[in-house]
Amino acid sequence: MKFRYLIIATLAIILSACNFSLAEDVTPPPNYVPPTPMPTLGPLYPAEAPSIENGAAIYAEKCAACHGPAGMGDGDQGKQLPVTVAALGLPQVGRAALPADWFTLVTRGNIERFMPPFASLTDQERWDVVAYALTFHTTAEQVAQGQSVFETNCAGCSLDFFKDQTEMAALSADDLVRLLKNGNDKVTALSGDVSDDDLYAAAAYLRTLTFAVTLPTPTPEPVTPTPTVAAPEATPNASADGTETPVAEGTPLVTETALPPALSTVEGSMPEATGGKVTGSVSGSNVAGITVTLRGFDHASDASGPQEVVSETSVTDAQGNYVFEGLEMPENRIYLIEVVYQGVTYSSDAAFVTAGMTELAVPPFTLYEITSDFSTLAFDQVHFFVDIADGAAQVIGVYTFLNSGDKAIMIQSSTDVPFIEMPADAENVGFDLTQDSAPLLAAEGGFAIKPSATPYGLVAFYTLPYDKKAKIIQPFALSASSVLVLVPDGVKLKSDQMTEGEMRDFQGTNYRQYTGAGIESGGSLTLDLSGMPKSSGTSAPSSQQSLLIGIGALGLVLILAGVWMYVRDRNRVDEELDEEDEETEFDSEEEILDAIIALDDLHRAGKINDEAYRTRRDELKSRLKN
């Protein structure tokens, strides 16, 4: 394993800082557009009561791909990482969590665990998603049980302390249980002999007092929803299957939008009487008679994630309006609309049913005519990382662009991007979306790029043979306004198109920056490389805190690309665990890190049980620390 790739990710973060705060004398390339800086850490308590509904929607968009829809660490993208993803939904994790700590983590990220900071969210939105994540290990039944326990054993006790955002943000469920057992100068201990299960249920109830919407008590008898629609003659359209973010093996580019679990409508709850109505509209050049599919989701009581309970169709009128009537409207049910138009699948934003609601308006969205002509696109920036390892030059390209036209661009491939070309001798080619990219749309046989004010970002990566020298001829199918290349110290880059810049020392490894002006569509970038990287002799930094200053969107992109490089270059994964435990088993930190990665792979592949995995991993971590 080449630990240098983690340093590449770190280097990317620093060079992509909004104001180059850690490299102030580095001159950015022409037309460089600085990315959005990382948000600063605000007060460690929410200014307003967090919204669970808003947190659920944010979690679905930003977190579910790694942490899983129910917070069990089983998201499709998370499974591809060389580290385990936190299972937020486990009771032992959720009960020990301090809201303030989780807010800090969402704000600043955790580079060592490949978690980026979320610069696109406001302070309140980060508190919303933290509050939502804190409910994963509880159920509505437990909340109702906890309310009964508290009111029975602390009749007349004030709830003011438990509604104080400042106090509660600094307390975990474990802390609340200790308070309920022992009391203090602000909290009265519960009377009687209260079991631990009842104490944790009471803690779950008290946590809801800080939320903008508390959880209702479910009723015991289940009722199966039987919705009807206003236009029974409409023919349903089959929805496109969700697909995962691509990796080098050729998986598709479009990621399915995860659906946020509603927290209070659980399996077994009694829905309200039928008679509710869902309305909405679509816009576009030809919206009459479009088939729209209404999908409704409730959250299961077994924490298995959202369960689809409604799937009905209707058609739009001449103005693009639609209506569904005779629907059940239980609180916190999620409704959204899906449309397949000219082979492209569109989905509305989710809409949540609130208490007493009988009519719900789904957010409108636009349908676009399609075109296969991508010549209207242009790259704002292109950045390349080049590294040398094991007889190969490994290249990561980061491309940002906009679709500023009025049509959705159809790409007839789910694993290739025709407007990002590769050198003729490129191997191990793959693509991925960047963290803050506008989303691609699923389409028949590929994907679509709809008009968007938010930039799209793609990472393209490949390897080339390298025997102390190589020539990279990088073609450009679209024009690029600027190009930046980074190579490790010891490797010389010659190019008539690039200007040599400063050498920078990052955690003991030096990289040189080269900048270039724009490249026209149909042109190419020629890079002559020679030499080998100098060994750094240093290990990973024990703390990444200082490196988080000024982090931007490009840094997040390159973290993800670094993950790919980190995984793909593991060529020594053992098929079986070596049970030898002598001190001479490993000669270096890198060998121990290799063993941990191999162990993670074996566990992920189901070749080792949980107990043996945890025991061996703890041994290796202890060895690494020593």
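For VAL417, state whether it is among the β-branched types (Val, Ile, Thr), part of a strand (DSSP E or B) and at pLDDT 85 or above.
Taking the combined requirement at face value, the residue does not satisfy it.
Give me the helices (runs of 4 or more DSSP H) completely within segment 128-182, filtered to those with at least 2 residues that are of a type in the set (Phe, Trp, Tyr) and touching a Lys or Arg at 6+ places or on another chain (Cβ under 9 Å), ordered by residue number.
160-163
Would you check if THR515 is over 19 Å from ALA424 (Cβ atoms) and free of Cβ contacts under 8 Å to residues at least 24 places away in the same chain?
Spelling it out, it is not the case that THR515 is over 19 Å from ALA424 (Cβ atoms) and free of Cβ contacts under 8 Å to residues at least 24 places away in the same chain.
I'd like to check something: does segment 84-97 contain any residue that is at pLDDT below 85 and touching a Ser or Thr at 6+ places or on another chain (Cβ under 9 Å)?
No.
Among the listed residues LEU478, LEU458, LEU486, identify the single one that is buried (at least 20 other Cβ atoms within 10 Å of the Cβ), in a strand (DSSP E or B) and more than 26 Å from the chain's Cα centre (by Cα).
Within the list LEU478, LEU458, LEU486, the selection yields LEU486.
If you scan segment 44-67, which residues turn out to be part of a loop (DSSP other than H, G, I, E, B) and either closer than 16 Å to GLY109 by Cα or without any contact (Cβ under 8 Å) to a residue 12 or more places away in the chain (or both)?
LEU44, CYS63
Inspect segment 191-204 for any residue being touching a residue at least 24 places away in the same chain (Cβ under 8 Å) and polar (S, T, N, Q) and give the result as yes or no.
Yes, some residue in segment 191-204 is touching a residue at least 24 places away in the same chain (Cβ under 8 Å) and polar (S, T, N, Q).
Looking at segment 295-386, what strands (runs of 3 or more DSSP E) fall wholly within it and have at least 2 residues that are buried (at least 20 other Cβ atoms within 10 Å of the Cβ)?
In segment 295-386, 306-315, 321-327, 334-341, 344-347 are the strands (runs of 3 or more DSSP E) which contain 2 or more residues that are buried (at least 20 other Cβ atoms within 10 Å of the Cβ).
The values are calculated or read from the model by the stated rules, or taken from the named source; none is laboratory data. Everything numeric in this text was worked out from a predicted model, so none of it was measured. Cβ: placed from backbone, ideal geometry, glycine included. Neighbour counts: every protein chain shown.
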